[in-house]
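No lab work stands behind these numbers, since they all come straight from the coordinates. These figures come from a predicted structure and were not determined experimentally. Glycine also receives a Cβ, built like all others from the backbone with ideal geometry; neighbour counts cover every protein chain displayed.
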């Protein structure tokens, strides 16, 4: 299995932060929180929902959008998103080097 990409990790962390702040977020909210481009964020959030990493919470009206948008939250199966959940690539190298 391939490791998660930087954009997917950033959007996952943003989703967790938005759940704590406002109960979830749209793909636009996650893109702004993670500082990711809108086009890529929409695509990755859709893939994350399809993979079961994000669940649909409800549908909300957003100012500036013609249609209601889906609000997402991380699934309980993810065990919570956090930076320590992923670690850093250097962290893995240093742990292997010490052994």
Residue 64 being surrounded by fewer than 16 Cβ atoms within 10 Å (Cβ to Cβ) and touching a helix residue (DSSP H, G or I) at 6+ places or on another chain (Cβ under 7 Å)
no
Qualifying positions in segment 6-58 - crowded, with 19+ Cβ neighbours inside 10 Å and assigned to a loop (DSSP other than H, G, I, E, B):
24, 26, 36, 53
